[in-house]
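Notes to accompany the following structure.
The values are calculated or read from the model by the stated rules, or taken from the named source; none is laboratory data. Note that the coordinates shown come from a computational prediction; the quantities given were computed from them, not determined experimentally. Reconstructed Cβ throughout: ideal geometry from the backbone, glycine too, with neighbour counts over all protein chains shown. Note: areas computed on protein heavy atoms with side chains; ligands, DNA, RNA excluded. Shrake-Rupley method; radii C 1.70, N 1.55, O 1.52, S 1.80 Å.
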Amino acid sequence: MTDSTLPADPLASLASRDTQIQAARLAQEAFATAFRLSVESGAERRETALATLAGHLEQWILMSSADARPLRRALVLTGLDQWGLAYSQIFGAEALGGVSDLIGRLRNTISVEVEAACQAQLEAIRSDEASAYDFKFELRRELHLALWHSMIASEDRDEAFAIMKALGGMMRSLVREMPTLGWRLLADALALIQIRCLAHALAGTGLARETTTELFASLAADLPEEIRNAAMSLASESVLAWQQAQREVQH
């Protein structure tokens, strides 16, 4: 369950590691823009901006070979969907109108054949943990960090704990959805949170410290022992390696 070796990605021939990471970052940026448009802009400005944003994503999809395009579309849609699902738990679905609109633009304007090919790739991503692993890793890394930063930035106790519960739930569901590889993504998130705290003196006091401590404690209590130990051990190794690198730079 916690094997240290990574299986081969069956989709790597259609999307390299760099392409998968780029897809995750594009989805994150597109989500952030669409989410902001949902809450800050009038209908006319939002319509124009979303059309432009969808056009940029379509251009990126079309920059690949015909065989790879369905996968690129599936990666972007998966990313938008996961960001949307996470934020809807906190802000409500009504705050994600722009995101839903953007997803619709990427799905509703394509042919039946293109939709079928995209659907096949969506299923491939969902059904095999190793499929598009680098994309999943990057996507979850940035999503976990974004929610954690929102949590520690909140000055409202109820809101901060609501984000903490949503983030903890996402992390726990990750290891259920990816029983073989999910612990690696969890370990990465735990390590990065600790590194951010050390590097920037974050979450050292008050509500930010309380929610971060509670997040780690709840995960330690709720995760299966084997998963918990493997994730915590790998996270600790990553933090120690970062600290060692910092000491070498300083000397």
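So what's the projected area for the stretch 199-251, the Cα convex hull averaged over all directions, in nm²? The partial results should precede the final answer.
On the way: hull surface 17.1 nm².
Projected area, direction-averaged: 4.3 nm².
For the chain, with only Lys/Arg (+1) and Asp/Glu (-1) charged at the beta-carbon, what is the dipole magnitude about the Cα centre, in debye rounded to 20? It would help to have the intermediate numbers written out before the result.
Values: 23 positive and 33 negative charges, 53 e Å.
That gives the chain a dipole magnitude of about 260 debye.
With only alpha-carbon pairs counted, each pair once and no self-pairs, how large is the Kirkwood hydrodynamic radius of the stretch 148-251 in angstroms? Walk me through the intermediate numbers first.
On the way: mean 1/r = 0.0698 Å⁻¹.
It is 14.3 Å.
Roughly how many debye, to the nearest 20, is the charge dipole of the stretch 1-58 about its Cα centre, given +1 on each Lys and Arg Cβ, -1 on each Asp and Glu Cβ, and no other charges? Provide the component values of the computation, followed by the final result.
Details: 5 positive and 8 negative charges, 27 e Å.
Here the stretch 1-58 has a charge dipole of around 120 debye.
Over the chain, what percent of the accessible surface lies on carbon and sulfur atoms, probe 1.4 Å? Walk me through the numbers before you get to the answer.
Details: 6460 of 12550 Å².
Answer for the chain: carbon and sulfur cover 51 percent of the accessible area.
How much accessible area per residue does the chain have, in Å², with a 1.4 Å probe?
Heavy-atom SASA per residue in the chain reads 50 Å².
In degrees from 0 to 90, rounded to the nearest 10, what is the angle of the helix 206-222 Cα long axis to the longest principal axis of the chain?
Long axis of 206-222 versus the principal axis of the chain: about 90 degrees.
Once you have the Kirkwood Rh of the chain from its Cα pairs, apply Stokes-Einstein at 25 °C and 0.890 mPa s and quote D in µm²/s.
127 µm²/s
If contacts are Cα pairs under 8 angstrom and at least 6 residues apart, what is the relative contact order of the chain in percent?
Relative CO of the chain lands at 23 percent.
Suppose only helical runs count, i.e. DSSP H with n ≥ 4. What mean residue ellipticity at 222 nm does that imply for the chain under -39500 (n - 2.57) per run, divided by all residues and rounded to the nearest 500 deg cm²/dmol?
Result for the chain: -27500 deg cm²/dmol, rounded to the nearest 500.
In degrees, nearest 10, range 0 to 90: what is the angle between the Cα axis of helix 43-62 and the longest Cα principal axis of the chain?
Result, in degrees: 90.
Report the label-to-label distance for Ala241 and Val114 in nanometres (one decimal), using points 7 Å from each Cα along the Cα→Cβ vector.
Computed distance between label sites Ala241 and Val114 equals 4.1 nm.
Per residue of the stretch 21-34, in order, report the coupling 6.51 cos²θ - 1.76 cosθ + 1.60 (Karplus, θ = phi - 60°) as ³J(HN,Hα) in whole Hz, putting x for Gly and Pro.
Here the 3J(HN,Hα) series is 5, 4, 4, 5, 6, 4, 4, 5, 5, 5, 4, 4, 5, 5 Hz.
So how much slack lies between Leu6 and Ala201, counting 0.36 nm per residue of separation and subtracting their Cα-Cα distance, in nm?
Full-extension gain reported as 66.9 nm.
Take every Cα pair under 8 Å in the stretch 123-251 that's 6+ residues apart, average their separations, divide by the length, and report that relative contact order as a whole percent.
Numbers: 99 pairs, mean separation 35.2, N = 129.
Relative contact order, the stretch 123-251: 27 percent.
Dipole magnitude of the stretch 131-251 about its Cα centre, charges +1 at Lys/Arg Cβ and -1 at Asp/Glu Cβ only, in debye to the nearest 20?
140 debye
Taking Cα atoms, how many degrees apart are the long axis of helix 97-108 and the longest axis of the chain, rounded to 10 and kept between 0 and 90?
50 degrees
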